Amino acid sequence: MIRILPIVLAIVAVAAACNAGSARADGETINYDEAKVPDYVLPDPLVMQDARSVTSAAMWRKLRRPEILELFCTQVYGRRPPTPEGLRFDVTEDTPAALAGKATRKRIRVDFSGRNETWPGVKLTLIVPGGAKTPVPAFVGMHLFDSKSDEPLPGRPLEVEIGEKLPGSRVLDVILERGYAIGTLDANDFCPDDKERFREGALAHFFPGRTGPPGVEEPGAISVWAWGLSRALDYLETDPAIDAKRVAVIGHSRMGKTALWAGAQDERFALVISNNSGCGGAALSRRVFGETVARINGVFPHWFCGNFSKYNGREGKLPVDQHELVALIAPRPVYIASAQEDLWADPRGEFLSAVGAERVYHLLGKPGLETTEMPPAGRSIGNSIGYHLRVGKHALTDYDWLRYLDFADRHFAKPAQAGPRR
Ligand code: GTR
């Protein structure tokens with residue numbers, strides 16, 4: 001077992017901002033006080049549930065990785081829907097000179113034989129840099145830009161001036177100029193983000209007739225969204241413009257949780273990026289800092305499987321914690337980013353997840369973060385595990401995108417080894 005005492009790590013600027021617990025109007029107290037983080041013991045990613053130590057990459061791969069994956073399926077997110085047979089991709093739009101000739105814009109509907117009227121389809125909007133001579137790497141995620149728009153605008157302007165604005169330029173132009181395609185899905189197309197209506201999409205097709213919140217091991221919305229990202233990747237594998245061995249899955253906030261879960265399960269995603277993903281994403285549940293397991297299950301009862309609510313206020317009983325979600329991505333590169341004012345998402349807890357995953361990367365022969373000291377805001381650190389704390393609020397900003405582009409450039413210089421379809 002790894003014992004991580006909160007005081008082990010240097011207190012950075014974040015801590016200064018979080019020196020008091022705050023009482024909420026609904027009577028629930030949310031902790032923003034580092035001193036009130038309970039002592040906790042994280043489950044060791046390299047110790048099996050039967051107490052055997054994981055001593056080799058083969059043992060991780062054959063025994064421990066499947067064990068952790070299964071625990072996340074049954075205790076946190078629920079099992080995802082089955083992978084449909086006979087997938088079909090209907091390209092509903094293919095505009096070769098979009099964005100003033102800079103890119104090709106495609107819209108694709110993922111369909112499959114045997115679907116019935118309850119199947120809403122997964123829709124992907126894909127922007128590919130024009131004139132590329134070879135297949136390009138891509139970023140794919142949920143709600144990365146407005147897919148209905150002809151002039152999509154991913155990212156938002158920086159909220160705080162940090163000297164890295166892109167004057168006269170949009171981050172989408174920069175992504176394209178640096179040779180990346182970008183694809184987005186709309187979660188509501190196939191799993192509405194609504195506790196009353198979440199069953200109206202893909203779940204009505206795969207689990208007809210069910211009602212109410214997710215059953216004990218049933219997929220919550222995050223699992224269904226993650227499954228949709230895999231279906232988008234199924235399409236990308238067929239598109240000659242895309243190098244499907246270099247696809248990064250990326251998401252912000254609830255979609256950052258989704259990106260991590262998608263990347264953990266589907267090893268074809270060669271790189272994973274979690275932006276401000278917080279509770280149920282990168283943040284350690286056991287710190288009980290900012291949003292808690294009880295709070296997230298209460299407000300979003302459709303996001304996780306029914307079993308997850310067993311751990312409301314009992315985080316120490318969870319057989320996994322979120323550092324092990326990050327570890328499931330090993331040895332593939334993963335980048336976790338926090339924002340200094342985003343205390344709800346527990347920046348330190350997100351950082352400590354990256355720290356906690358590192359021994360798995362080392363076992364698999366990859367360098368990780370290579371520090372246990374949280375960096376000051378505005379510095380990107382790490383190797384196969386990347387991390388930064390950005391100044392400002394909860395958002396996916398130009399600053400974040402620039403760090404992700406640099407990270408992808410580093411890791412995609414040589415085509416990565418991606419895994420089999422899931
Ligand atoms: C909040 C939620 C967070 C985060 C965020 C978002 O309301 O508490 O877990 O997911 O929404 O997705 O913007």
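The values are calculated or read from the model by the stated rules, or taken from the named source; none is laboratory data. In this text, all values refer to a predicted model and were calculated from it rather than measured experimentally. Virtual Cβ from ideal backbone geometry, glycine too; neighbours counted across all protein chains shown. These accessible areas exclude ligands, DNA and RNA; they are computed on the full protein's heavy atoms, side chains included. Shrake-Rupley method; radii C 1.70, N 1.55, O 1.52, S 1.80 Å.
Observations on the model:
- Convex hull per residue volume in Å³, alpha carbons only, for the chain: 137
- Share antiparallel - DSSP beta bridges, region 302-422, percent rounded to 5: 25
- A cut-off of 5 Å between modelled amide H atoms, ignoring neighbours fewer than 5 places along the same chain, links GLY215 with GLY306.
- Over region 65-411, Cα pairs under 8 Å with separation of 6+ residues give a relative contact order of 18 percent.
- When a 1.4 Å probe is rolled over the protein heavy atoms, the share of accessible surface on the chain that falls to carbon and sulfur comes to 53 percent.
- When the charge dipole of region 283-422 is built from unit charges on Cβ atoms (+1 for Lys and Arg, -1 for Asp and Glu) and taken about the Cα centre, the candidate among SER380, THR397, THR292 whose Cα reaches farthest toward its positive end is THR292.
- Annotation: amide H of GLY278 within the under-5 Å range of ALA283, sequence separation 5 or more or interchain, hydrogens built in the peptide plane.
- Taking amide H as placed 1.01 Å from N in the peptide plane, ILE273 has its amide H under 5 Å from the amide H of VAL249, ILE250, GLY251, TYR335, each at least 5 places away in sequence or on another chain.
- Highest-first arrangement of 225-236, 115-126, where packing means the average Cβ count within 10 Å: 225-236, 115-126
- The magnitude of the dipole of the chain, with charges of +1 and -1 set on the Cβ of Lys/Arg and Asp/Glu and taken from the Cα centre, is near 880 debye.
- Lys, Arg +1 and Asp, Glu -1 on Cβ, resulting dipole of region 43-150 about Cα centre, debye, nearest 20: 260
- Max mean-square fluctuation residue, GNM over the chain, Cα-Cα springs under 10 Å, options ARG359, ARG107, ARG52: ARG52
- Region 267-366: C-alpha gyration tensor shape, a/c 1.5 cut-off, then a/b vs b/c: prolate
- Between region 41-94 and region 362-392, the alpha-carbon center distance in angstrom: 24
- Only one residue of MET142, GLY256, GLY215 has its Cα farthest out toward the positive end of the dipole of region 65-411, where Lys and Arg carry +1 and Asp and Glu -1 on Cβ, and that residue is GLY215.
- For the chain, with +1 on Lys and Arg beta carbons and -1 on Asp and Glu, the positive-most of PHE269, LEU63, GLY201 along the dipole: LEU63
- For region 307-358: rounded, prolate or oblate by the Cα gyration tensor [a/c cutoff 1.5]: oblate
- Kirkwood hydrodynamic radius of region 177-243, from inverse mean 1/r over distinct Cα pairs, in Å: 13.5
- The helix-based estimate of mean residue ellipticity at 222 nm for the chain, built from -39,500 (n - 2.57) per DSSP H run of four or more residues and divided by its residue count, is -7000 deg cm²/dmol to the nearest 500.
- Greater than 29 Å apart at Cα, pairs in LYS102/LYS123; LYS36/LYS366; LYS106/LYS393: LYS36/LYS366; LYS106/LYS393
- For the chain: accessible area per residue (Å², 1.4 Å): 37
- Bridgeable lysines around LYS310 (alpha carbons under 19 Å apart, same-chain partners fewer than 8 residues away excluded): LYS195.
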